[in-house]
Protein chains: 2
Amino acid sequence: MKVAFIGLGVMGYPMAGHLAKANIDVCVYNRSHEKALAWQAEFGGSVATTPALAAQGCDLVFCCVGNDDDVRQVTLGENGILAGMPQGSIFVDHTTASAELARELASVALTHGQYFLDAPVSGGQAGAENGVLTVMCGGDAATFAKAQPVMDAYARFSQLMGPVGSGQLAKMVNQICIAGVVQGLAEGFNFAEKVGLDPKALVETISKGAAGSWQMENRYQTMFAGEYDFGFAVDWMRKDLGIAFSEADKHDVALPMTKMVDGFYQEIQENGGNRWDTSSLISRFKK
Amino acid sequence: MKVAFIGLGVMGYPMAGHLAKANIDVCVYNRSHEKALAWQAEFGGSVATTPALAAQGCDLVFCCVGNDDDVRQVTLGENGILAGMPQGSIFVDHTTASAELARELASVALTHGQYFLDAPVSGGQAGAENGVLTVMCGGDAATFAKAQPVMDAYARFSQLMGPVGSGQLAKMVNQICIAGVVQGLAEGFNFAEKVGLDPKALVETISKGAAGSWQMENRYQTMFAGEYDFGFAVDWMRKDLGIAFSEADKHDVALPMTKMVDGFYQEIQENGGNRWDTSSLISRFKK
């Protein structure tokens, strides 16, 4: 089996690495070529100078870049992934992007006799490094069945959510839910701090019940400490929420709390916290 | 050991029952006497006609009623709990009430040579019935050490959070966190429904990661189904949030999302959903 991985950022770099470690023949492409050479020095495989060249002769091509425009740039046109991929091969886009883009790419791929899965992930940088990502896929069952065993190299769990675009839609729901959880923790923990509660005793107690969440267990220490250096940045969260707002508008879906939280993230950006993680919502209260 | 239990509502009735089933001599008091007689018919023990009479000769007296005023009514005055309790005995208030009331009662108890714990619970009606409540206590360590083994009859976990009032403060944090989690789910699940995602596949996937929460796992089916009949009512949630807002005002603590969610609960009340459970936040979107 031969695969390509396009985009060696904080997610793509270790994901492609897990593929190589699984003894798969991996060709990588990255916008900055030095990063691709560094990846090759660490994991072997081969390096291409365009996405199309990387995709040549591949059974599957994976991509994990920044946003809709970045995906279009590496996918379409004469140097793009779809121009290089063989007929019958599968393009798996791990980028968190719009459902619209997923449908557009699936449609273009189809005209080339290629298959497409939108497959945004959750689990962050740590999940990518440890190979325990969750993958939310949109596409047809046969394509998913072929891609799943390969994605197992870096995923703990992957699931077909429905037709093309459904992976992106599920990721939007994921981010909306996180906005609520984290804002609740920001307000609750700030309250706790101001009234003098002990964080450890508090979380040990309330995390066992109806208030419990992954974020509460995994972020309370750093939130109380005012440390926001754990991967998923405010800039990316706002990008993801923007995608959700566009989709929501199409369906006349209200997201009042999510919009409020997005406004708080905007404040954090304006104060220079672009690279802080999503739990930095509590920073607004710490002044 | 002899104990009294004051208040046989949806929480107190099964809690007192667990004490009786643990072979503790329990005397109960309830505002409506019929309920107390029904309890006695089911569990044995004895029934008193005033809180003071129930408290006579007891080592511990437990109370679980509606709000601050209800607690004052059964606690203070010549027919109140503190008038009946022996010197050296302990009054444990399981009502979710203000931290101020806890400090006031602890102070009155002290003048009688009695001890006090504020001890609000989480786990809801099901937790009370199954004897798996979480208890957040405020008071001194010696008093907590004496009360804890008795509370084990209905608690899976109890913890001393700090001085008197700390149990109530921890409960406030608990409710603030729940407001955020549930509103996130309401917006996320409504979005999911409108864009046509499959609830089961969605939750199976995103509940494993950073969006995961107790509420997501335990309430998603009923939220998608529009069923809000699972115990903790909107009326009670608004009471609890009101207590949190009063406390927050004293410390100049902002709770913007929690206030927004409280407003949504108010809307639900105005539309007759007083007895719906807290997950009914999604009902606003289902019209």
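The values are calculated or read from the model by the stated rules, or taken from the named source; none is laboratory data. None of the values given here were measured: they were computed from a predicted structure. For neighbour counting, all protein chains shown are included, and Cβ atoms are generated from backbone atoms with ideal geometry for every residue, glycine included. To get the accessible areas, we keep the full protein, side chains included, count just its heavy atoms, and leave off ligands, DNA and RNA. Shrake-Rupley method; radii C 1.70, N 1.55, O 1.52, S 1.80 Å.
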For this session: Using the structure shown, decide if residue A:198 is open to solvent by 60 Å² or more (accessible area, probe 1.4 Å), in contact with a Gly (Cβ under 7 Å, 6 or more places away or on another chain) and either within 8 Å of chain B (Cβ to nearest Cβ) or of a type outside the set (Lys, Arg) (or both).
Result: yes
For this session: List every residue pair whose Cβ atoms sit under 7 Å apart, with the two residues 6 or more apart in sequence or on different chains, where the first one lies in region A:46-57 and is on the phi > 0 side of the Ramachandran plot and the second, anywhere, is open to solvent by 40 Å² or more (accessible area, probe 1.4 Å) and not in a loop (DSSP other than H, G, I, E, B).
Result: A:57/A:2
Exercise. Any chance region B:77-87 includes a residue that's of a type outside the set (Val, Ile, Thr) and within 19 Å of the chain's Cα centre (by Cα)?
Worked result: no
Seminar exercise, completed: Matching residues in region A:44-78 (in a helix (DSSP H, G or I), open to solvent by 50 Å² or more (accessible area, probe 1.4 Å) and within 25 Å of residue A:125 (Cβ to Cβ)) number 3
Exercise. Checking residue A:22 against (1) of a type in the set (A, V, I, L, M, F, W, C); (2) touching a residue at least 40 places away in the same chain (Cβ under 8 Å); (3) crowded, with 18+ Cβ neighbours inside 10 Å, which single condition isn't satisfied?
Worked result: (3)
Exercise. Hey, residue B:92 hits all of (1) under 16 Å from residue B:151 (Cα atoms); (2) surrounded by fewer than 24 Cβ atoms within 10 Å (Cβ to Cβ) but one; which does it fall short on?
Worked result: (2)
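Listed residues A:188, A:184, A:167; which is more than 7 Å from chain B (Cβ to nearest Cβ) and open to solvent by less than 10 Å² (accessible area, probe 1.4 Å)? Outline the logic, then answer.
Numbers: A:188 fails: more than 7 Å from chain B (Cβ to nearest Cβ); A:184 fails: more than 7 Å from chain B (Cβ to nearest Cβ).
Answer to the check: A:167.
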Exercise. Within region A:241-265, restricting attention to residues that are part of a loop (DSSP other than H, G, I, E, B) and out of contact with any helix residue (DSSP H, G or I) (no Cβ under 6 Å at 6 or more places or on another chain), which residue is least open to solvent (accessible area, probe 1.4 Å)?
Worked result: A:254
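Which one is surrounded by the fewest Cβ atoms within 10 Å (Cβ to Cβ) among residues in region B:223-234 that are away from chain A (no Cβ under 13 Å) and farther than 16 Å from residue B:122 by Cα? If you could, list the steps in order and put the result at the bottom.
The initial filter retains those residues of region B:223-234 that are away from chain A (no Cβ under 13 Å), namely B:225-229, B:233-234.
Subsequent filtering for residues that are farther than 16 Å from residue B:122 by Cα retains B:225-229.
On the way: B:225: 9, B:226: 12, B:227: 14, B:228: 22, B:229: 11.
Applying the filter and picking the extreme gives B:225.
Which of the residues belonging to region B:123-133 are within 11 Å of chain A (Cβ to nearest Cβ) and either at pLDDT 95 or above or closer than 13 Å to residue B:71 by Cα (or both)?
Quick first cut of region B:123-133, residues within 11 Å of chain A (Cβ to nearest Cβ) only: B:123-124, B:126-127, B:132-133.
Matches in region B:123-133: B:132, B:133.
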For this session: State whether the residues of region A:237-255 include one that is within 9 Å of chain B (Cβ to nearest Cβ) and under 17 Å from residue A:279 (Cα atoms).
Result: no
Exercise. When you go through (1) more than 12 Å from chain B (Cβ to nearest Cβ); (2) surrounded by fewer than 24 Cβ atoms within 10 Å (Cβ to Cβ); (3) over 30 Å from residue A:219 (Cα atoms); (4) not polar (S, T, N, Q) one by one for residue A:117, which number turns out not to apply?
Worked result: (2)
Exercise. Of the residues that sit in region B:201-217 and are over 27 Å from residue A:195 (Cα atoms) and hydrophobic (A, V, I, L, M, F, W, C), which one is farthest from the other protein chains (Cβ to nearest Cβ)?
Worked result: B:203
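Filter region A:120-129 down to residues that are out of contact with any Ser or Thr (no Cβ under 8 Å at 6 or more places or on another chain) and farther than 11 Å from residue A:155 by Cβ and give me whichever is least open to solvent (accessible area, probe 1.4 Å).
First pass over region A:120-129, keeping only residues out of contact with any Ser or Thr (no Cβ under 8 Å at 6 or more places or on another chain): A:124-126, A:128-129.
Narrowing the set further to residues that are farther than 11 Å from residue A:155 by Cβ leaves A:124-126, A:129.
On the way: A:124: 24, A:125: 70, A:126: 58, A:129: 97 Å².
Residue satisfying both the conditions and the ranking: A:124.
Going by the structure shown, is residue B:102 surrounded by 24 or more Cβ atoms within 10 Å (Cβ to Cβ) and modelled with pLDDT of 95 or more?
Details: surrounded by 24 or more Cβ atoms within 10 Å (Cβ to Cβ): yes; modelled with pLDDT of 95 or more: yes.
In short, yes.
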Problem set entry | The lone exception for residue A:40 - which of (1) open to solvent by 10 Å² or more (accessible area, probe 1.4 Å); (2) in a helix (DSSP H, G or I); (3) in contact (Cβ under 8 Å) with a residue 40 or more places away in the chain it fails | (3)
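Working carefully through the options A:28, A:108, find the one that is at pLDDT 95 or above and open to solvent by 30 Å² or more (accessible area, probe 1.4 Å).
Numbers: A:28 fails: open to solvent by 30 Å² or more (accessible area, probe 1.4 Å).
None of the other options fit; the residue is A:108.
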Exercise. Which residues, counting only those in region B:136-164, are more than 7 Å from chain A (Cβ to nearest Cβ) and touching a Lys or Arg at 6+ places or on another chain (Cβ under 6 Å)?
Worked result: B:164
Problem set entry | Search result, residues across region A:273-287 that are more than 26 Å from residue B:248 (Cα to Cα) and either open to solvent by 60 Å² or more (accessible area, probe 1.4 Å) or hydrophobic (A, V, I, L, M, F, W, C) (or both) | A:275, A:276
For this session: Might you check whether a residue that is more than 30 Å from residue B:230 (Cβ to Cβ), open to solvent by less than 30 Å² (accessible area, probe 1.4 Å) and in contact (Cβ under 8 Å) with a residue 40 or more places away in the chain occurs anywhere in region A:204-217?
Result: no
